[in-house]
Amino acid sequence: MRVLSDPKGYWADLTRSEQGVVAFIVAFAGLLLVGLLTGALAPTYFLYLVGLAGMYALLSFGLNSQWGFTGLINFSVAAFFGIGAYGTALMSASSSPIAGDLLPIVGLVVALVVAALLALAIGIPTLRLRADYLAIASLGLAEVVRLVVLNERQFTNGSAGVRGIPPFFEGFPVLADLPQMMPGLAIRPLPGTTIVLETPFWGALLNVVVVLGFVGVSYAVLRRAHRSPWGRVLRTIRSDEDLARALGKNTYGFKMQSFVLGSLIMALAGVFYAHLNLFVSPGDLDPVTTFYVWVAVILGGSGSNRGALFGGFVIVGIREGTRFLNEFAWIPIDVAPLRLLLIGVLIVVLMRYRPQGVLPPQRELIWPKVVDEAPDRPDSGVREAKVGGGDD
Amino acid sequence: MTDADATAADAAATDVAADQSKDDVVLRVEDLQKSFGALTATDHATFEVERGTITGLIGPNGAGKSTLFNLVSGFYEPDGGRVEVNGTEVTGMEPYEIADHGLIRTFQTPRKLEGMTVREAMLVGPRKQPGESFLNLFFRPGDVGEHEAANLADAERILEEFEIDHLATQPATKISGGQMKLVELARAMLAEPELLLLDEPAAGVNPTLRNKLAEQIRRLNEQGTTFLLIEHDMDFVMKLADPVIVLDQGSVLMEGTPQEVQTDERVIDAYLGGSP
């Protein structure tokens with residue numbers, strides 16, 4: 001990799017926003033490492049956080065491929081997330097009132113199929129209309145899905161939630177029993193601290209493997225799509241749908257593909273969440289999830305896959321990081337409940353000073369290998385950071 | 001149908017102002033009607049566009065030129081009448097289906113593509129790209145890459161012909177209004193239209209660039225593209241177009257050579273508002 005063989009050249013080729021983000025990530029990773037080594041951050045909890053961050057990254061990918069690519073306003077992120085979580089939970093959990101005890105992989109497939117059908121059902125009537133109608137319909141959809149889950153007890157256990165969800169690798173040959181088979185390890189990274197790694201740690205590690213797999217595959221798919229003629233039509237629709245129509249593009253079809261694709265990725269996040277938490281309840285479908293994901297995408301830079309990834313991690317950082325602020329006794333108030341306020345302030349500041357997000361698309365999006373001398377300096381191919389206006 | 005409507009219909013049926021004796025017709029508009037509430041925007045308009053011509057469409061403000069474009073290109077649904085492109089009836093079709101029959105349009109105000117460079121914006125033009133199918137991206141990536149390379153080469157060639165190849169990697173939103181018009185025309189050419197509808201191509205373009213635009217239109221016309229253009233700049237349209245169709249109050253007032261149109265009493269009346 002170029003990062004290792006030629007770090008200076010790599011650094012010089014990055015745009016300023018990329019350099020900033022890289023520096024931030026390195027600093028933050030350093031901080032986490034210190035926390036891990038000194039024992040302030042328990043390894044199992046750390047892995048749980050990584051899982052959560054991966055989940056938010058998936059949700060942001062999903063929303064980014066709807067809003068960031070095509071400009072579709074979807075306020076039902078939580079609904080598709082919930083469909084994913086409940087889809088797999090109801091198939092695989094021991095307490096499921098309808099199926100139960102099936103392999104999680106079956107749950108994954110069922111969840112994705114249901115999410116795709118729901119996306120089609122909401123897209124068919126609204127995607128032919130102006131953008132606002134999808135926004136309104138999706139706002140309603142989120143509540144409808146949540147209320148159905150809450151009230152249809154015979155199918156979903158209602159407010160009791162679904163318990164007894166197996167880990168994702170249940171039924172796989174080796175991986176299912178791996179956490180039990182791994183020996184307990186005690187590590188002394190620094191004098192005076194001992195870190196014990198036992199079954200929960202190995203289980204959490206497997207979860208991280210799952211989510212990294214999901215995130216990796218989604219990212220690869222989206223990056224290719226974004227740089228293709230397909231992605232270019234979506235970006236044209238976002239800027240000006242009439243132009244796309246005049247040039248002979250079936251915009252309804254493209255919008256539908258983008259909407260279903262995004263919804264599938266959101267459902268994937270839900271599937272992972274069910275097997276991470278091993279318990280799902282209607283509370284997981286609260287609209288606040290939708291809100292967090294929107295913040296993540298806008299913060300990262302609408303239209304940028306890397307931005308969505310970054311935004312997802314930042315949101316988890318803020319959500320979980322604020323818990324620690326209470327440890328500081330000199331802060332006179334309880335900080336954690338102010339989380340939403342903090343995020344609100346963050347968004348206002350961001351919109352004021354950097355409306356395009358932290359890491360908007362930095363380079364031309366042309367199919368890889370087609371352009372040999374890809375211009376990658378800010379004055380030629382790279383679109384300049386826009387001052388005000390424009391959000392991608 | 002009210003009496004007034006019936007009279008108008010009779011008038012349209014008996015007295016067709018447009019020349020209907022053309023041999024090779026690429027666009028046929030018959031008795032097209034559209035009203036918005038009480039306002040009749042297109043009132044039994046009938047005309048034909050002959051292959052290989054640059055046909056001008058002029059008329060005073062509010063004559064219904066833009067509405068007519070929207071009807072022909074499928075952006076509006078007509079209340080009555082029919083539109084034929086290359087002998088196929090396209091009335092009521094979606095714009096993308098009409099584009100498939102070879103009719104492409106541009107817009108009065110240049111459409112900006114946020115976050116794209118000029119050549120990226122150009123690459124939206126070609127129709128039927130294999131890379132526009134999501135599945136092809138993963139199952140036939142080689143095919144997608146080949147077409148993308150060919151399209152990029154085409155785009156750069158056309159930009160060169162338009163003498164704006166130095167803009168290729170500039171942000172598409174950061175070029176001048178006149179350059180945007182050129183890019184829009186160049187992009188429309190990538191869609192390989194048989195008939196290109198230009199909505200005020202010269203509006204807001206400085207005289208030098210306007211001449212360049214006229215040259216390009218003439219050159220592309222010689223290479224086989226038929227043009228139908230709305231234009232307010234009389235000088236521009238009279239030099240470029242033949243024949244010229246005059247639209248007034250939603251219907252065709254007359255059709256003729258630039259000479260005939262310029263000397264016609266009815267046209268002068270229409271523009272000066274003298275006609276009752």
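The values are calculated or read from the model by the stated rules, or taken from the named source; none is laboratory data. The shown structure was predicted, so the numbers you read here are calculated from the model rather than taken from an experiment. Using ideal geometry, Cβ is built from the backbone for each residue, glycine included, and neighbour counts are taken over all protein chains shown. Surface accessibility is based on the protein's heavy atoms, side chains included, excluding ligands, DNA and RNA. Shrake-Rupley method; radii C 1.70, N 1.55, O 1.52, S 1.80 Å.
Just for the range A:241-269: of the residues that are over 14 Å from the mean Cα position of the chain (by Cα) and farther than 30 Å from B:Gly102 by Cβ, which one is surrounded by the most Cβ atoms within 10 Å (Cβ to Cβ)? Within the range A:241-269, the match that is surrounded by the most Cβ atoms within 10 Å (Cβ to Cβ) is A:Phe259.
Here B:Leu159 fulfils each of the conditions (1) away from every other protein chain (no Cβ under 14 Å); (2) closer than 27 Å to B:Asp19 by Cβ; (3) open to solvent by less than 50 Å² (accessible area, probe 1.4 Å); (4) modelled with pLDDT of 90 or more apart from (2). Summed over the range B:61-94, residues that are touching a Lys or Arg at 6+ places or on another chain (Cβ under 7 Å), more than 14 Å from chain A (Cβ to nearest Cβ) and not in a helix (DSSP H, G or I) total 5.
For the range A:27-74, give me the residue count where each residue is closer than 18 Å to A:Ala308 by Cα and either assigned to a helix (DSSP H, G or I) or open to solvent by 40 Å² or more (accessible area, probe 1.4 Å) (or both). Result for the range A:27-74: 24.
Which condition does B:Ala153 not pass, out of (1) more than 23 Å from B:Leu103 (Cα to Cα); (2) of a type in the set (A, V, I, L, M); (3) crowded, with 21+ Cβ neighbours inside 10 Å; (4) more than 9 Å from every other protein chain (Cβ to nearest Cβ), if it passes all the others? So the condition that B:Ala153 fails would be (3). Within the range A:188-210, can one find any residue that is within 10 Å of another protein chain (Cβ to nearest Cβ), open to solvent by 50 Å² or more (accessible area, probe 1.4 Å) and free of Cβ contacts under 8 Å to residues at least 60 places away in the same chain? So far as the range A:188-210 goes, no, none of its residues is within 10 Å of another protein chain (Cβ to nearest Cβ), open to solvent by 50 Å² or more (accessible area, probe 1.4 Å) and free of Cβ contacts under 8 Å to residues at least 60 places away in the same chain. Candidates are the residues of the range B:120-138 that are open to solvent by less than 10 Å² (accessible area, probe 1.4 Å) and either small (Gly, Ala, Ser) or outside any loop (DSSP other than H, G, I, E, B) (or both); the one that is farthest from the other protein chains (Cβ to nearest Cβ) is B:Met122.
So which residues in the range A:220-238 are within 7 Å of another protein chain (Cβ to nearest Cβ), open to solvent by 10 Å² or more (accessible area, probe 1.4 Å) and touching a Ser or Thr at 6+ places or on another chain (Cβ under 9 Å)?
In the first step, residues of the range A:220-238 are kept if they are within 7 Å of another protein chain (Cβ to nearest Cβ); the result is A:224-225, A:228-230, A:232-233, A:235-236.
Applying the additional criterion that residues be open to solvent by 10 Å² or more (accessible area, probe 1.4 Å) yields A:224, A:235.
A:Arg235 - this is the single residue of the range A:220-238 that is within 7 Å of another protein chain (Cβ to nearest Cβ), open to solvent by 10 Å² or more (accessible area, probe 1.4 Å) and touching a Ser or Thr at 6+ places or on another chain (Cβ under 9 Å).
Listed conditions (1) away from chain B (no Cβ under 14 Å); (2) open to solvent by 10 Å² or more (accessible area, probe 1.4 Å) are all met by A:Leu285, apart from (2). Among the residues of the range A:270-282, is there at least one that is touching a helix residue (DSSP H, G or I) at 6+ places or on another chain (Cβ under 6 Å), polar (S, T, N, Q) and open to solvent by less than 50 Å² (accessible area, probe 1.4 Å)? No - not one qualifying residue is present in the range A:270-282.
When B:Leu113 is tested against the conditions (1) assigned to a loop (DSSP other than H, G, I, E, B); (2) without any contact (Cβ under 8 Å) to a residue 24 or more places away in the chain, the lone failure is (2). Restricting attention to the range A:125-138, the residues that are open to solvent by 40 Å² or more (accessible area, probe 1.4 Å), touching a residue at least 40 places away in the same chain (Cβ under 8 Å) and in a helix (DSSP H, G or I) add up to 2. Of the residues contained in the range B:169-189, none is found to be open to solvent by less than 60 Å² (accessible area, probe 1.4 Å), within 9 Å of chain A (Cβ to nearest Cβ), under 25 Å from the mean Cα position of the chain (by Cα) and without any contact (Cβ under 8 Å) to a residue 40 or more places away in the chain.
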